[in-house]
1. Do we have Gly108 as surrounded by fewer than 13 Cβ atoms within 10 Å (Cβ to Cβ) and either in contact with a helix residue (DSSP H, G or I) (Cβ under 6 Å, 6 or more places away or on another chain) or not in a helix (DSSP H, G or I) (or both) here?
2. Residues in region 41-61: is at least one within 17 Å of Tyr97 (Cβ to Cβ) and in a strand (DSSP E or B)?
3. Is it fair to say Leu89 is part of a strand (DSSP E or B), within 14 Å of the chain's Cα centre (by Cα) and surrounded by 13 or more Cβ atoms within 10 Å (Cβ to Cβ)?
4. Report yes if Lys49 is of a type in the set (Lys, Arg) and either within 18 Å of Leu114 (Cβ to Cβ) or surrounded by 13 or more Cβ atoms within 10 Å (Cβ to Cβ) (or both), otherwise no.
5. In region 65-86, how many are among the hydrophobic types (A, V, I, L, M, F, W, C), in a strand (DSSP E or B) and over 20 Å from Ala2 (Cβ atoms)?
6. Does Thr116 meet the test of being at pLDDT below 95 and open to solvent by 90 Å² or more (accessible area, probe 1.4 Å)?
Amino acid sequence: MAMEISSEVDGRYARIEGELIPLVSNAWLRDSRYTNPFAPPLHDVANPKDREFLVVLLQKRRVVLTDDEAHYDDAGTLCRLTRKDILGLYAIDNAAYAPDAGLSFTLGPMIAPLATAS
């Protein structure tokens, strides 16, 4: 049975059963390894909201995986994502952030499929 996302908060989190869970895009996923440089233009660790997102993700060890269409600029840099679908609530392992490498983790098993509130 699917769990329900009651809302999204600031484009960074899904609210599931009252709890905020970080949203992450499959654009950064290769096999089961998520590697996001976590750098401008999509993220900026100087931004308090982005720093908070990292802390929450590293503590929760769960994410909502989204299916997104990637859009690139003329230089081939990923500049924005357009959400197509929500793929599910997943456990994560080996979550880490390093300024020179960005955010990374191993995607674990799906905890639950998700549906948006009607």
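The values are calculated or read from the model by the stated rules, or taken from the named source; none is laboratory data. These numbers were taken from a predicted model, which means no experiment stands behind them. Cβ sites come from the backbone with ideal geometry, for glycine too, and all protein chains shown count toward neighbours. Accessible surface areas use protein heavy atoms only, side chains included; no ligands, DNA or RNA. Shrake-Rupley method; radii C 1.70, N 1.55, O 1.52, S 1.80 Å.
1. So Gly108 does not fit the description; no.
2. No, there is no match, as no residue in region 41-61 is within 17 Å of Tyr97 (Cβ to Cβ) and in a strand (DSSP E or B).
3. yes
4. Considered against the rule, which asks whether it is of a type in the set (Lys, Arg) and either within 18 Å of Leu114 (Cβ to Cβ) or surrounded by 13 or more Cβ atoms within 10 Å (Cβ to Cβ) (or both), Lys49 comes out as no.
5. From region 65-86, those among the hydrophobic types (A, V, I, L, M, F, W, C) are 65, 70, 75, 78-79, 81, 86; that's our starting set.
Remaining after also requiring in a strand (DSSP E or B): 65, 70, 78-79, 81, 86.
Adding the requirement that they be over 20 Å from Ala2 (Cβ atoms) leaves 70, 78-79, 81.
Here the count works out to 4.
6. So Thr116 fits the description; yes.
Okay, residues lined up against (1) without any contact (Cβ under 8 Å) to a residue 24 or more places away in the chain; (2) assigned to a loop (DSSP other than H, G, I, E, B); (3) among the β-branched types (Val, Ile, Thr); (4) under 19 Å from Pro113 (Cβ atoms):
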site: Glu4; (1), (2), (3), (4): no, no, no, yes
site: Glu8; (1), (2), (3), (4): yes, no, no, yes
site: Gly11; (1), (2), (3), (4): yes, yes, no, no
site: Ala14; (1), (2), (3), (4): no, no, no, yes
site: Ala39; (1), (2), (3), (4): no, yes, no, no
